[in-house]
Each structure stands twice: as C-alpha cells, then as structure tokens.
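Every number in this text was worked out from the coordinates using simple rules, so none of it is lab data. Please read these numbers as outputs of a predicted model, since none were measured by experiment. Reconstructed Cβ throughout: ideal geometry from the backbone, glycine too, with neighbour counts over all protein chains shown.
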Amino acid sequence: MTARLMDGTDLARRMVERTAERARDLRERTGVVPCLATVLVGEDPASVTYVRMKRNRCAKAGIESRHIALPGTVGTAELVDTIGALSADPAVHGILLQHPVGEHIDERAAFDAIAPEKDVDGVTSMSFAAMSFGLPGFVSCTPGGIMRLLDAYDVELAGRHAVVVGRSAILGKPAGMLLLARNATVTYCHSRTRDLAEIVGQADVVVAAVGRARLIKGSDLKPGAVVVDAGYNEGNVGDVDFEGALERASLITPVPGGVGPMTIALLLEQTLDSAERAAAA
C-alpha cells in the first residue's frame, strides 16, 4: 500500500480564489473592504514569517491587512487594551493574535479580549464553547482546515475511531470536538500517554498535533488509516514519520503542503464571513 496525498496547497488555493471573488462582490455592493488585523508580540523569527505569509495571502484574497507590532516587553494589560481597541473598531472584521506571545503574558486573557464576532482564528473561550456545543461561531482555523481536507477527500467520519494526539486549546482539543460533532468516536492522547503506539494502532483517523518530530511511526498505524499531520518541526518535518506512514496509510497529509495552507485559507474565509455579517447588520 502507498498512501495517497491530501493536497492542502491546491485546495487552499481554490478556497482563496473563492474568497477573493466574494470580497470583490462585497466591495462592489456595499463599499466594505474586509480587514484582518494581525497582532505580533516581539520578533520571534518563525512568528514574523507566519504573519508575513498571512498578510501576503490577504492581498491575494482582496482583504486589507492591518499589522500591529508590539515589543516583546509588552505586558498583558497593554496587549489586552490593544486588542480591545481593535475589537471596537468597525473597520476591522477579524483579529489574529500570533502565538506564542511570551511566557510573561496571560495568553488566555489576551485571546479572550478578542470580540467573538471578530475571532476569525477561533481562539477565544467562547469560540471553543460554540464548537463544542455546535453553536454558530468561528472554528479554530487549523482544526477547521483539517475538516475541510477530510471532506474534500471523502473521508467518512461517522462511527470511525479518531485518535487526536495533542491537547492544545487551539488545535488538539477543538479538533476532537469537531470530529465528535461529525459522529466520530474520539480518543485524546498526548506526549505523556502510556502505550501511545497501541492506541494509535486502533485509529481509523489519526490527527497528529503534539509538536514532536516523527513521534508517530509508520509501524504504529493501522493499515489503511487516514493520517493528518498537523505538526511542524525543525527541518520541515511533521509529527509523523512520513516515509514509514506512506507504506501503511490510505491517505496522508504532507509536511509542508498539507494542513498549513488550509489554516490560512480558512482564516481568510472567516474574515470575509465576518465582513459580510457586519455589512448586513
């Protein structure tokens, strides 16, 4: 068996093209230009690169990008005030706080300062609650992008056993909630799970999101499993041993070119959704 690749790059490109068409239509009908504000604390090279990439994608999608760069010494109160001002600005439709923000900052307080109607990255407590209860709201972008990929490749989730390896508040936990909402049977694992390989070996669908390079081996996988690698580690490698997994999985996301492009595409789509709702209010 050789796994088929789930091409996130191509699907994301098509999503961005559709978003650009909708943004152009919104601007022509209402004069409203969708706007995404990005907030970056400090000068972490990876974060700077991610924000630049997202701003470039904004331009392709017809979305205005407003960037707020704050020094690494900024405190929680000032960061919360900055986000609060963006939340109150009617010209801003989406707010992205780039993670991480520094250990001295209360990250949860900063995320929750984002107005829910502008939480296009799906990181607030209210967005997580909405995802968990199936209520209207914005989904976390990486888990939401994963679901779009699974749908695009006709992966049946109802009744299947999905194992999520990772428990972060913006990736692992919401991914499990979205899978559960689609009637999958969900098991959460993490870096301290005992007998991880045994549990992964029972999974029809594996979502790797723990942030440890090649933690999941090809031999761990159930033959024919669908593997979504949401990890990104030094050296452009994911949380799954890609070469080994190719021989066991039926479908697998490459790293890079799988989950990453989908995250940005959904961020832009949800920013446009927010702008359309604001224009209709």
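Segment 1-101 gives an Rg/Rh value of 1.07, both radii derived from C-alpha positions and Rh following Kirkwood. Quick note on segment 178-257: its Rg to Rh ratio, both from C-alpha atoms and Rh being the Kirkwood radius, is 0.94.
For segment 1-76, GluC sites (Glu not before Pro) are listed when DSSP marks them as loop and at most 15 other Cβ atoms sit within 10 Å of their Cβ; the list is 43.
Once C-alpha pairs closer than 8 Å and six or more residues apart are averaged by separation and normalised to the residue number of the chain, the relative contact order reads 23 percent. Over the residues of the chain, the helix contribution to mean residue ellipticity at 222 nm works out to -13500 deg cm²/dmol, using -39500 (n - 2.57) for each DSSP H run of at least 4. Between residue 24 and residue 68, the modelled labels are 3.2 nm apart [label points 7 Å from Cα along Cα→Cβ].
Would you mind calculating the gained length between residue 152 and residue 88 on full extension (0.36 nm times residue separation, minus the Cα-Cα distance), in nm to one decimal?
Using 0.36 nm per residue and subtracting the Cα-Cα distance, I get 19.4 nm.
Derived scalar couplings between HN and Hα for segment 57-65 equal 5, 4, 4, 5, 9, x, 10, 5, 10 Hz in order, rounded to whole Hz, by the Karplus curve 6.51 cos²θ - 1.76 cosθ + 1.60 (θ = phi - 60°), x for Gly and Pro. Does anyone have the angle between helix 76-88 and the longest principal axis of the chain? Alpha-carbon axes, 0 to 90°, nearest 10? Orientation of helix 76-88: about 70 degrees from the principal axis. For segment 76-111, the residues whose amide N sits under 13 Å from a probe point set 7 Å from the Cα of residue 125 along the beta carbon direction are 107-111. Which GluC sites (Glu not before Pro) in segment 86-190 sit in a loop by DSSP (not H, G, I, E or B) and have at most 12 other Cβ atoms within 10 Å of their own Cβ? When the GluC sites (Glu not before Pro) of segment 86-190 are filtered for loop state and at most 12 Cβ neighbours within 10 Å, 103 remain. Restriction of the GluC sites (Glu not before Pro) in segment 187-272 to DSSP coil positions whose beta-carbon has at most 10 other beta-carbons within 10 angstrom yields 234. Put simply, the convex hull of the Cα atoms in segment 69-111 casts, on average, a shadow of 3.0 nm². Kindly express, to the nearest 10 degrees and within the range 0 to 90, the angle between helix 172-181's C-alpha long axis and the longest C-alpha principal axis of the chain. For helix 172-181, the angle is close to 80 degrees.
Each pair of Cα atoms in segment 124-281 enters the Kirkwood radius, and Stokes-Einstein at 37 °C and 0.692 mPa s then converts it into a translational diffusion coefficient of 208 µm²/s. Translational diffusion of the chain, estimated by Stokes-Einstein from the Kirkwood radius over alpha carbon pairs at 20 °C in a medium of 1.002 mPa s, is 111 µm² per second. Compared with the direct C-alpha span, the chain from residue 185 to residue 43 gains 47.1 nm at full extension, assuming 0.36 nm per residue. The distance separating the Cα centre of segment 9-70 from that of segment 222-281 comes to 18 Å. Where both residues lie in the chain, what percent of DSSP beta bridges are antiparallel, nearest 5? Rounded to the nearest five, the antiparallel share is 5 percent. Length available on full extension from residue 33 to residue 103: 0.36 nm per residue minus the Cα-Cα distance, which gives 21.7 nm. Charges were assigned to the Cβ only: +1 to each Lys and Arg, -1 to each Asp and Glu. The resulting dipole of the chain about its Cα centre is roughly 380 debye. Size of segment 217-271: Rg and Dmax of its alpha carbons, in Å, are 12.5, 40.
At a Förster radius of 30 Å, what calculated FRET efficiency corresponds to the Cβ-Cβ distance of residue 197 and residue 135, to the nearest 0.05?
Working from the Cβ atoms, E equals 0.25.
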